[in-house]
Amino acid sequence: MNEISIFDIAGPIMVGPSSSHTAGACKIGQFARALFHGTPRKVTFYLHGSFAEVYKGHATDRALLGGVLKMRTSDPLIKDSFKVADKKKIEYEFKKKFLGERYHPNTVEIVLENSRRKLSVIGSSVGGGVIEILKIDNFNIRLRGRAGKYLSLVVRHDKNKMVIPKLKEKVNALKGIRVHDVEQRTYKDKTLSILHTKGRRIKLPEVIELEKSMQHVDFIRSLSKLEKQ
Amino acid sequence: MKYHFQTAEDLIKLTKLHKVPISEIAKLYESQRSGSALSTIRNKMKLTRDIMYKAVKKGIKSNKKSIMGISGSDAQKVYESLKNLKKMMGNKVTVRAMAYALAVGEQNARMGRIVAFPTAGGAGVVPGVLFSAAEHFKAGKRKLLRGMFCASAVGIVIAEGSTISAAKGGCQAEIGAAVAMAAAGLTEMRGGTPEQCFDASAIAFKSYLGLACDPLAGLVEVPCIKRNAIGCMAAIGASDMVMAGVKSYVPFDEVVRAAKDIGRTMPRTIKETALGGLAITPTGNRLKKKLGLRITREL
Ligand code: SF4
């Protein structure tokens, strides 16, 4: 179900100046960071469309970086996110890039890397602080960042029919969590699966345990720590 | 979903079926959507209201310039004018609404904390109109919440049928949506029927169709902040007309369809790119130069 929340309209609570270019940008940053898992050493932002034209005045750059630094949309520290990143020794760079006609004008590609991994995420800010994640690495997906509905698990695994049924079983065995829906995209020999869950939030140790116990799985990430609005 | 709605027609049907106002359906919808109790939702809206209130209170007192320095002390000026209302043409409700709307807009430009309602650019209209009206009615905080819930429901109808993104629909999608929402919220607070709420929304929204999003240097300051103030006048005017018995000739859902079509055909230069309209006037370009932005064209 993808109903818009009343609080997508009466919200988000945020620091200005723009819900799409500041708050939405911050949320895309948060998303990318949650998927990356761990501290990136270098982050590159490719700004598309309106993001590329007017990002400076809207503090889109500070907000994107703030999101990657796990700041909330209402965090006054967003103003100083450059300084915070410098202190944490995280390199960052902003580049303009046309990502393609099919993307909303407020779109960014975020590439995060450290010595262990590299991840690319494309996200759009579609208005009023609502975002959509449209690409993770090579997988075209559509994750709508609806208010308070981030209880999903993102899993990359070998293209193998047995992985997800098995994982589903394990998740359902956790108390108070049920897999509600699964979306999948395959690229070459890998599949990206998104397990939408219901019930309580899954805890980090549980995610790590799942990841360890599964074969043919590259990673499992939980989005349940993401900002609820 | 029992309380699901996408259009004004759906909403009006639901209010008839359950014999409750729009605000009540909005609460029930959210409760069903999120699985949270009604009391949780009411509390969340109270928090939203308190944050908006703080932004208003801070904004009318501050004359600090915005980060880019092109806005910052108008809310205070207009608020001060309330002391000498004889000199003004508007009444206390409208002038105060404008002061509040400017206050939120200026706080936003200072990177202060606000509630995007429905977006940050148009965040001043709903609190401007509803807070000022609530003070006038000496209404309890309850009534104010009703206005906010009703306004949010109208926002959902616009977001579902068109867009609330200026990059997609121009300023009609931001200030226009906010004005339509505030008009309905105010009308419900005044005891209007759901039909009257949407008549007010339709009248208000029609006046904002096609509005360019052309902010100077891409900053949400000029013309945005003052558009919030003028938007309050439009919302109050539309609501007044409806309370006097006027109806909208075109139903709200059709106005939303028109907004969508206009948004689609509107040139990119006036959709939050700062490449057209006011943004490329000599004044706009001067500011662009100051900020080191590329100048594409001058009018
Ligand atoms: S001109 Fe553009 S940025 Fe300013 S309020 Fe309107 S839509 Fe928002």
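The values are calculated or read from the model by the stated rules, or taken from the named source; none is laboratory data. Since the model is a prediction, treat every value here as computed from it, not as a measurement. In this analysis, Cβ positions are derived from the backbone assuming ideal geometry, glycine residues included, and neighbour counts consider all displayed protein chains.
For the subset of region B:162-207 comprising residues that are polar (S, T, N, Q) and touching a Lys or Arg at 6+ places or on another chain (Cβ under 8 Å), which member is farthest from the other protein chains (Cβ to nearest Cβ)?
B:162
Please state which of the following conditions residue A:83 fails to meet, knowing it meets all the rest: (1) within 22 Å of residue A:212 (Cβ to Cβ); (2) out of contact with any Phe, Trp or Tyr (no Cβ under 7 Å at 6 or more places or on another chain).
The one condition residue A:83 does not meet is (1).
Somewhere in region A:210-220, is a residue under 17 Å from the mean Cα position of the chain (by Cα) and exposed (fewer than 15 other Cβ atoms within 10 Å of the Cβ)?
The answer is no, given that none of the residues of region A:210-220 is under 17 Å from the mean Cα position of the chain (by Cα) and exposed (fewer than 15 other Cβ atoms within 10 Å of the Cβ).
Taking the criterion of being within 12 Å of the chain's Cα centre (by Cα), facing chain A (nearest Cβ under 9 Å), away from the ligand (no atom under 16 Å from the Cβ) and surrounded by 23 or more Cβ atoms within 10 Å (Cβ to Cβ), would at least one residue in region B:142-150 satisfy it?
Yes; the residues of region B:142-150 include at least one that is within 12 Å of the chain's Cα centre (by Cα), facing chain A (nearest Cβ under 9 Å), away from the ligand (no atom under 16 Å from the Cβ) and surrounded by 23 or more Cβ atoms within 10 Å (Cβ to Cβ).
For region B:277-296, which residues satisfy the criterion of being surrounded by fewer than 17 Cβ atoms within 10 Å (Cβ to Cβ) and touching a Gly at 6+ places or on another chain (Cβ under 8 Å)?
Of everything in region B:277-296, just one residue is surrounded by fewer than 17 Cβ atoms within 10 Å (Cβ to Cβ) and touching a Gly at 6+ places or on another chain (Cβ under 8 Å), namely B:291.
Within region B:225-240, can one find any residue that is among the polar types (S, T, N, Q), more than 16 Å from the ligand (Cβ to nearest atom) and within 17 Å of the chain's Cα centre (by Cα)?
yes
Could you grab me the full set of residues in region B:201-217 that are more than 8 Å from the ligand (Cβ to nearest atom) and at pLDDT below 95?
B:216, B:217
Somewhere in region B:115-124, is a residue touching a Cys at 6+ places or on another chain (Cβ under 6 Å), within 14 Å of chain A (Cβ to nearest Cβ) and closer than 30 Å to residue A:56 by Cβ?
So far as region B:115-124 goes, yes, one or more of its residues are touching a Cys at 6+ places or on another chain (Cβ under 6 Å), within 14 Å of chain A (Cβ to nearest Cβ) and closer than 30 Å to residue A:56 by Cβ.
Just checking, how many residues over region A:48-80 are under 29 Å from residue B:285 (Cβ atoms) and within 14 Å of chain B (Cβ to nearest Cβ)?
Residues that pass the stated criteria total 18.
Can you name every one of the helices (runs of 4 or more DSSP H) wholly within region A:1-82 that holds 2 or more residues which are under 17 Å from the mean Cα position of the chain (by Cα)?
Those helices (runs of 4 or more DSSP H) span A:24-36, A:60-68.
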